[in-house]
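Colleague: If you scroll down you'll find the structure; I have some questions about it.
The values are calculated or read from the model by the stated rules, or taken from the named source; none is laboratory data. Keep in mind that this is a model prediction, so the values were computed, not measured. Methodologically, a virtual Cβ is constructed for each residue, glycine included, from the backbone with ideal geometry; neighbour enumeration extends over all protein chains shown.
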Amino acid sequence: MSEALVIFKSINDSAEQEKLLQRLLQSKECITLKDKYDRLIILKAVTTNGTSLTCEFSEEAAMNLPGTELFMGSFQFGGDKYIFETRPVAHGKEVIVSLLNLFHLQKRLNYRYVLPSDYPAAFALSFVNETACQVHCRLLDLSTEGCAVEVTHDALSCNLEDEIKAFVHLGDREPILVQGLIKNIRLKSDNSLVLGVKFNHMAAASEDKIVSSITDLQREVYFRKAA
């Protein structure tokens, strides 16, 4: 069975965020902060005003946190994980953590992530019915079950149930090898078609790469929009 994708749900409602922070305090779970150098800080939440947390260092030594550095924060309880951005400010052993761009990470099976139109994503066909080819398509959406791609009429001649092998390209990440069947063909314009591809014989390594790549991509896109 395919692994569930991690989907980012933004938490913008102030009442929902305050309720969540109160639950965090009650759970007594720690908060983890990580900077761009992958340095980790573990904090214990003490109080909240609904938009920020007053925390204490869980270790003996306090750190200098002037509020200028951007950290990625995370916490989890009850099987749910949350991430946020913050610029923590330390006063002695006390740390004020304001939650910026808070997200709930949810796992969903068979979820197709629609790629942003300005994101460099491609689907490079290498074989169609065991015939070698080099056809670059635009990747429209992606899941561990399959994808949708756009291709020009003159670039590829194909039929339903054709077997394909291809590489999925997401930004500058390592290409992901996939194979499957063309299950749907529809006309998008006078010059292009949209192909629905269902993956089969998905290697565990490729499936893991799809899951991790989409998770990273969502984080990158959401925080880029919020910047």
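Colleague: Out of the residues in the range 35-47 that are outside any loop (DSSP other than H, G, I, E, B) and surrounded by 14 or more Cβ atoms within 10 Å (Cβ to Cβ), which is nearest to the chain's Cα centre (by Cα)?
Modeller: Here the residue is Ile41.
Colleague: Please pick out the residue among Cys133, Cys147 that is touching an Asp or Glu at 6+ places or on another chain (Cβ under 8 Å) and in the same structural domain as Ala205 (by TED's automatic domain parsing).
Modeller: After ruling out the rest, the residue left standing is Cys147.
Colleague: Take Glu60 and tell me if it is modelled with pLDDT of 80 or more and among the acidic types (Asp, Glu).
Modeller: So Glu60 fails the test.
Colleague: Within the range 156-195, how many residues are among the small types (Gly, Ala, Ser) and either outside the structural domain of Val135 (by TED's automatic domain parsing) or under 15 Å from Phe127 (Cβ atoms) (or both)?
Modeller: 3
Colleague: Could you tell me which residue of the range 97-143 is surrounded by the most Cβ atoms within 10 Å (Cβ to Cβ), considering only residues that are closer than 14 Å to Gln218 by Cα and of a type in the set (A, V, I, L, M)?
Modeller: Restricting to residues being closer than 14 Å to Gln218 by Cα and of a type in the set (A, V, I, L, M), the top hit is Leu142.
Colleague: Next up: With under 19 Å from the mean Cα position of the chain (by Cα) and surrounded by fewer than 16 Cβ atoms within 10 Å (Cβ to Cβ) as the only criterion, which of Lys93, Lys28, Lys19, Lys9 stands out?
Modeller: That would be Lys9, the only listed residue that is under 19 Å from the mean Cα position of the chain (by Cα) and surrounded by fewer than 16 Cβ atoms within 10 Å (Cβ to Cβ).
Colleague: May I ask you to verify whether Ile210 is under 14 Å from the mean Cα position of the chain (by Cα), outside any strand (DSSP E or B) and modelled with pLDDT of 85 or more?
Modeller: The answer is yes for Ile210.
Colleague: Going through the range 53-76 one residue at a time, which ones are under 26 Å from the mean Cα position of the chain (by Cα), assigned to a loop (DSSP other than H, G, I, E, B) and among the aliphatic types (A, V, I, L, M)?
Modeller: The answer is Leu70, and nothing else.
Colleague: Do we find that Gly50 is within 20 Å of Ser14 (Cβ to Cβ), in the same structural domain as Lys9 (by TED's automatic domain parsing) and assigned to a loop (DSSP other than H, G, I, E, B) in this structure?
Modeller: The answer is yes for Gly50.
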